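Asks: What follows is a single structure, and I will ask about it in a moment.
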Amino acid sequence: MATYPRPIAERSPAPFASDDHDGLLLLHRAAREMGSILDLELLIERIVHDVSRWFGVLESNIYLREGQDMTLAAVHGCSVHRKGHALQPGKGIVGHVALTGRMHYAPDVRSDPYYIACEPDTRSEVGIPLQVDGEVIGVFTAAHPDVDAFCQEKLQLLQALGCHIEVAVQNARLFQEQRQVRDRMDREAQEARQIQEALFPKSSPLVPGYRISGFSIPAGAVGGDWYDFIPLSQERWGLVLADASGKGTAAALMMSAARGILRSLAEDCAAPGKVLDCLNRLLLNDFPVGRFVTMLFAVLDPAARTLTIANAGHPWPLLANGSAAHVVSGANGLPIGFAQESFAQTSIELAPGARVLFYSDGISEAENSRAEDYGSRRLQEFLSSERGTCAEQILDDVRAFVAGRGLQDDATAILIRAE
């Protein structure tokens, strides 16, 4: 979930000496308007425009610090400089204010040692520092065509306004940084998702006498579930469904590592138990403590009409073999990366019409709005019915069950049908 920056605390301006009710109303209005804008460019443009209108000034500018220079970020009423104009420290009233961190008022710019001529009609100008935690982040200026146009009360009012400006500018900057970080993370997540999708099978295998389908839905941009169809010798096929602990990028990275090694092992050693033995031995010391992968690896032999399964801590498949669906029974092994052990394997016969379902716990543990699990019983009923003809239909039924809640965990299924 995205988080937004907390507003920084305002520093207290000098006591407002005027009892001018209009001035207090102006400050209140300015604070309200500035607090509602989090787009930095829009914010500072609005400020210089409003200051010119409220105070009847000839020119109003906001310079923001970029490195060592002060760069013109917003300008109103100036015919000489455009946005992006840079001033070095100490140059002009802006540079002097940035260097000292104190307000500078020139009642008559013609005799001011820091003023750099700009608009020919300018006679008085004030520069006010914008500070955050004692550091000058910018300078706000206002110029007037009259000599000594800013009385003490107006200067105090402008200083008070400056306090609101510095808070609004800093909060807008923080929001902008957060948005950039979020956008970058979204782009990276989308790229990771595209890469992960490329690791899934592009199509179902063509196996005479069988229909095999797989489908996966990640709970987030990337997930820790994975399924695969691996062609083996003697027209056999390796079928794998795995679930990495955790969610998101960490789980996806673990799954990517497991995928590459398992594929190379399966080609050389088709016995499912031995494949999981080797995979576990290779990954045992690589996975961080507390991280693991549950996995089903099976070999389908179409000629012998058998499916041989090894289980590393995963829910056992469901089998509908001419009767109501039931759980395939066999020896449970520990998850990959948990401890060194040997994995047993179980073989089942696939009579004509038999259906076998591999699934991840994101399906059985999916909850609806009443906090009810989809559960293995619903899966068995669905598999036994005529509706369960492909993996995607099963996941569609799960999504309909959870309705508006959405899936809270990755959901993956493989369905094998013997014709």
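Asks: Hey, among Glu166, Glu153, which residue is surrounded by 15 or more Cβ atoms within 10 Å (Cβ to Cβ) and in the same structural domain as His49 (by TED's automatic domain parsing)?
Replies: Numbers: Glu153 fails: surrounded by 15 or more Cβ atoms within 10 Å (Cβ to Cβ).
None of the other options fit; the residue is Glu166.
Asks: Go through the stretch 44-61 and report how many residues are of a type in the set (A, V, I, L, M), out of contact with any His (no Cβ under 9 Å at 6 or more places or on another chain) and either surrounded by fewer than 24 Cβ atoms within 10 Å (Cβ to Cβ) or under 18 Å from Ser124 (Cβ atoms) (or both).
Replies: Residues flagged as of a type in the set (A, V, I, L, M), out of contact with any His (no Cβ under 9 Å at 6 or more places or on another chain) and either surrounded by fewer than 24 Cβ atoms within 10 Å (Cβ to Cβ) or under 18 Å from Ser124 (Cβ atoms) (or both) within the stretch 44-61 amount to 0.
Asks: To continue, here is another question. Let me confirm something: among Asp148, Asp112, which residue is touching a residue at least 40 places away in the same chain (Cβ under 8 Å) and either touching a Leu at 6+ places or on another chain (Cβ under 8 Å) or of a type outside the set (Val, Ile, Thr) (or both)? I'd like the intermediate steps shown before the answer.
Replies: Numbers: Asp112 fails: touching a residue at least 40 places away in the same chain (Cβ under 8 Å).
Result: Asp148 is the single residue among Asp148, Asp112 that is touching a residue at least 40 places away in the same chain (Cβ under 8 Å) and either touching a Leu at 6+ places or on another chain (Cβ under 8 Å) or of a type outside the set (Val, Ile, Thr) (or both).
Asks: Which members of the stretch 65-93 meet the condition of being buried (at least 18 other Cβ atoms within 10 Å of the Cβ) and either out of contact with any helix residue (DSSP H, G or I) (no Cβ under 7 Å at 6 or more places or on another chain) or outside the structural domain of Ala117 (by TED's automatic domain parsing) (or both)?
Replies: Within the stretch 65-93, Leu72, Cys78, Gly92, Ile93 meet the criteria.
Asks: List the number of the failed condition for Val94; all other conditions in (1) on the phi > 0 side of the Ramachandran plot; (2) free of Cβ contacts under 8 Å to residues at least 60 places away in the same chain hold.
Replies: With respect to (1) on the phi > 0 side of the Ramachandran plot; (2) free of Cβ contacts under 8 Å to residues at least 60 places away in the same chain, Val94 is out only on (1).
Asks: Is there a residue being under 39 Å from the mean Cα position of the chain (by Cα), buried (at least 17 other Cβ atoms within 10 Å of the Cβ) and at pLDDT below 95 anywhere in the stretch 94-114?
Replies: From the stretch 94-114, those under 39 Å from the mean Cα position of the chain (by Cα) are 98, 101; that's our starting set.
Still in the running and buried (at least 17 other Cβ atoms within 10 Å of the Cβ): 98.
Now narrow it down to the ones that are at pLDDT below 95: 98.
The answer is yes, given that some residue of the stretch 94-114 is under 39 Å from the mean Cα position of the chain (by Cα), buried (at least 17 other Cβ atoms within 10 Å of the Cβ) and at pLDDT below 95.
Asks: Looking only at residues that are among the basic types (Lys, Arg) and closer than 22 Å to Gln345 by Cβ in the stretch 220-271, which one is farthest from the chain's Cα centre (by Cα)?
Replies: Within the stretch 220-271, the first condition is being among the basic types (Lys, Arg), and the residues that meet it are 236, 247, 259, 263.
Still in the list and also closer than 22 Å to Gln345 by Cβ: 236, 259, 263.
On the way: Arg236: 41, Arg259: 25, Arg263: 31 Å.
Residue satisfying both the conditions and the ranking: Arg236.
Asks: Could you list, in sequence order, all residues of the stretch 125-145 that are over 17 Å from Val94 (Cβ atoms) and exposed (fewer than 15 other Cβ atoms within 10 Å of the Cβ)? Write out each step before concluding.
Replies: From the stretch 125-145, those over 17 Å from Val94 (Cβ atoms) are 132-134, 145; that's our starting set.
Matches in the stretch 125-145: Asp133, Gly134.
Asks: Are any residues in the stretch 268-293 of a type in the set (A, V, I, L, M), part of a helix (DSSP H, G or I) and either in contact with a strand residue (DSSP E or B) (Cβ under 7 Å, 6 or more places away or on another chain) or at positive phi (or both), and if so, which ones? Even if it seems obvious, please write down each step before you answer.
Replies: If we filter the stretch 268-293 for residues that are of a type in the set (A, V, I, L, M), which is where we start, we get 270-271, 275-276, 279, 282-284, 289, 293.
Imposing the further condition that a residue be part of a helix (DSSP H, G or I) reduces the set to 275-276, 279, 282-283.
Listed by number, the residues that qualify are Val275, Leu276, Leu279, Leu283.
Asks: So, one more: Looking at Gln345, Gln393 in this structure, which one is in the same structural domain as Ile217 (by TED's automatic domain parsing) and over 19 Å from Gly214 (Cα atoms)? Can you show your working first?
Replies: Working: Gln393 fails: over 19 Å from Gly214 (Cα atoms).
Sole residue among the options that is in the same structural domain as Ile217 (by TED's automatic domain parsing) and over 19 Å from Gly214 (Cα atoms): Gln345.
Asks: Quick one: is Val57 among the aliphatic types (A, V, I, L, M), modelled with pLDDT of 70 or more, in a helix (DSSP H, G or I) and within 18 Å of Cys151 (Cα to Cα)? Reasoning before the result, please.
Replies: On the way: among the aliphatic types (A, V, I, L, M): yes; modelled with pLDDT of 70 or more: yes; in a helix (DSSP H, G or I): no; within 18 Å of Cys151 (Cα to Cα): yes.
No, not satisfied.
Asks: For the stretch 379-408, which residues satisfy the criterion of being over 23 Å from Leu350 (Cβ atoms) and at pLDDT below 85?
Replies: Ala403, Gly404, Arg405, Gly406, Leu407, Gln408
Asks: Something else: Of all residues in the stretch 239-262, which are in contact with a Lys or Arg (Cβ under 9 Å, 6 or more places away or on another chain), within 21 Å of Glu341 (Cβ to Cβ) and surrounded by fewer than 23 Cβ atoms within 10 Å (Cβ to Cβ)?
Replies: The one that is in contact with a Lys or Arg (Cβ under 9 Å, 6 or more places away or on another chain), within 21 Å of Glu341 (Cβ to Cβ) and surrounded by fewer than 23 Cβ atoms within 10 Å (Cβ to Cβ): Ser245.
Asks: Quick check on the stretch 172-231: of everything there that is of a type in the set (Lys, Arg) and surrounded by fewer than 17 Cβ atoms within 10 Å (Cβ to Cβ), which residue is nearest to Gly248 (Cα to Cα)?
Replies: Residues of the stretch 172-231 of a type in the set (Lys, Arg): 173, 179, 182, 184, 187, 193, 202, 211.
Within this subset, residues satisfying the condition of being surrounded by fewer than 17 Cβ atoms within 10 Å (Cβ to Cβ) are 179, 182, 184, 187, 193, 202, 211.
Numbers: Arg179: 20, Arg182: 16, Arg184: 16, Arg187: 14, Arg193: 10, Lys202: 22, Arg211: 31 Å.
Taking the candidates together, the pick is Arg193.
Asks: With Gly404, Gly337 as the choices, which residue is without any contact (Cβ under 8 Å) to a residue 40 or more places away in the chain and among the small types (Gly, Ala, Ser)?
Replies: Values: Gly337 fails: without any contact (Cβ under 8 Å) to a residue 40 or more places away in the chain.
Only one candidate qualifies: Gly404.
Asks: Kindly indicate whether Val94 is of a type in the set (A, V, I, L, M) and not in a loop (DSSP other than H, G, I, E, B).
Replies: Answer is yes for this residue.
Asks: Can you tell which of Leu296, Leu265 is in a helix (DSSP H, G or I), at pLDDT 90 or above and either buried (at least 18 other Cβ atoms within 10 Å of the Cβ) or out of contact with any helix residue (DSSP H, G or I) (no Cβ under 9 Å at 6 or more places or on another chain) (or both)? Full working, then the answer.
Replies: Details: Leu296 fails: in a helix (DSSP H, G or I).
Matching residue, one of Leu296, Leu265: Leu265.
Asks: Can you pull out the residues in the stretch 61-75 that are of a type outside the set (A, V, I, L, M, F, W, C), under 30 Å from the mean Cα position of the chain (by Cα) and part of a strand (DSSP E or B)?
Replies: If we filter the stretch 61-75 for residues that are of a type outside the set (A, V, I, L, M, F, W, C), which is where we start, we get 61, 63, 65-69, 71.
Okay, now just the ones that are also under 30 Å from the mean Cα position of the chain (by Cα), so 65-67.
Answer for the stretch 61-75, where residues must be of a type outside the set (A, V, I, L, M, F, W, C), under 30 Å from the mean Cα position of the chain (by Cα) and part of a strand (DSSP E or B): Arg65, Glu66.
The values are calculated or read from the model by the stated rules, or taken from the named source; none is laboratory data. All figures in this text were calculated on a predicted structure; none of them were measured in a lab. No Cβ is skipped: glycine too gets one built from the backbone with ideal geometry, and neighbour counts run over all protein chains shown.
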